[in-house]
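These notes are about the structure you will find just below.
The values are calculated or read from the model by the stated rules, or taken from the named source; none is laboratory data. Being a predicted model, the structure only gives us computed values, none of them experimental. Neighbour counts run over all protein chains shown; Cβ positions are idealised from the backbone, glycine included.
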Amino acid sequence: MNIVLLGGPGAGKGTQAAMLVEEFKTPHISTGDMLRAAVAAGTDLGKKAKSFMDAGELVPDDVIIGLVIDRLQEPDTDAGFILDGFPRTSAQAVALDAELGKLERPLDAALLIDVDPEVIVKRLCSRRMCRDCGFIGNESDAACPKCGGEMYQRDDDNEATVRNRLEVYEKSTSPLIDYYRGSELLVAIDGDRDPKVVYADVKEALSL
Ligand code: AMP
């Protein structure tokens, strides 16, 4: 499966991707995770990206497109990939189409996980992540339920930044819904339900 996950911040893209990875072992390409790793490692990319991320703004297209194109050259993606958090702008979507055309690996679907913005604000302000395995939980998880690791709150999961991320999503990313609808790749799922229920719909929508 070659898919992109669309949806606002906190819609559940990472959670659904993790479930797909566990069941189907498809490589998960999360640009947010790649950028956070670069920030933590203090690389040039991380230094460039940090201020955009902290403000809830998008990292410039040229930086992020190069990162994803390089990742798609790695052989583990030959059998499929789940792109999570990319594309986020029309320029990114066009660049992705061009690269996948070159690689002769077209997309099978663009899966939109749809959640009301006010639900997202509440969800993200209480979201916590595991430092060790990346598990996505919430403030009631004192330790990671999966591996026992330390749970932390992302720097950009505070209300002001979340509201800005939602505005950026509306302005720059939501036009991609029509872009993928136009190429008949769009599948929309109601993401405001228990993650396992959403996952059952995801699999049905992707004929898995
Ligand atoms: P995420 O983990 O997907 O919510 O991404 C966290 C932050 O990383 C975003 O708020 C952006 O600052 C940056 N980011 C992730 N993916 C992209 C992308 N495709 N384009 C631009 N910025 C991105």
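For residue 79, the conditions (1) within 9 Å of the ligand (Cβ to nearest atom); (2) hydrophobic (A, V, I, L, M, F, W, C); (3) over 13 Å from the mean Cα position of the chain (by Cα) all hold with the exception of (1). Pairs are defined by a Cβ separation below 6 Å, a sequence spacing of at least 6 or placement on different chains, a first member in segment 148-176 that is in contact (Cβ under 8 Å) with a residue 24 or more places away in the chain, and a second member that is among the acidic types (Asp, Glu) and within 14 Å of the ligand (Cβ to nearest atom); the pairs so defined are 155/54. Would you please name the residue that is nearest to the ligand (Cβ to nearest atom), looking only at residues in segment 14-45 that are of a type in the set (Gly, Ala, Ser) and surrounded by fewer than 17 Cβ atoms within 10 Å (Cβ to Cβ)? Looking at the filtered set, the residue picked out is 37.
For segment 82-114, what are the residues that are touching a strand residue (DSSP E or B) at 6+ places or on another chain (Cβ under 8 Å), more than 12 Å from the ligand (Cβ to nearest atom) and aliphatic (A, V, I, L, M)? Result: 82, 100, 107, 109, 110, 111, 112, 113.
How many of the residues making up segment 122-181 are among the aliphatic types (A, V, I, L, M) and within 12 Å of the ligand (Cβ to nearest atom)? Break it down stepwise before answering.
Applying the first criterion (among the aliphatic types (A, V, I, L, M)) to segment 122-181 yields 124, 129, 136, 142-143, 151, 160, 162, 166, 168, 176-177.
Subsequent filtering for residues that are within 12 Å of the ligand (Cβ to nearest atom) retains 124, 129, 136, 162, 166, 168, 176.
Adding up the residues that qualify gives 7.
Among the residues of segment 152-161, the one identified as touching a Gly at 6+ places or on another chain (Cβ under 6 Å) and not in a loop (DSSP other than H, G, I, E, B) is 161. Residues in segment 66-90 that are surrounded by fewer than 20 Cβ atoms within 10 Å (Cβ to Cβ) and part of a loop (DSSP other than H, G, I, E, B): 5 in all.
Taking the conditions (1) in contact with an Asp or Glu (Cβ under 8 Å, 6 or more places away or on another chain); (2) assigned to a helix (DSSP H, G or I) in turn, residue 11 satisfies each one other than (2). Scanning segment 54-74 for residues that are under 21 Å from residue 96 (Cβ atoms), hydrophobic (A, V, I, L, M, F, W, C) and within 11 Å of the ligand (Cβ to nearest atom) turns up 58, 59, 63, 64, 65, 67, 68. When restricted to residues that are in contact with a strand residue (DSSP E or B) (Cβ under 8 Å, 6 or more places away or on another chain) and assigned to a loop (DSSP other than H, G, I, E, B), segment 116-151 contains 12. Taken over segment 30-56, the criterion of being at pLDDT 95 or above and assigned to a loop (DSSP other than H, G, I, E, B) is satisfied by 42, 43.
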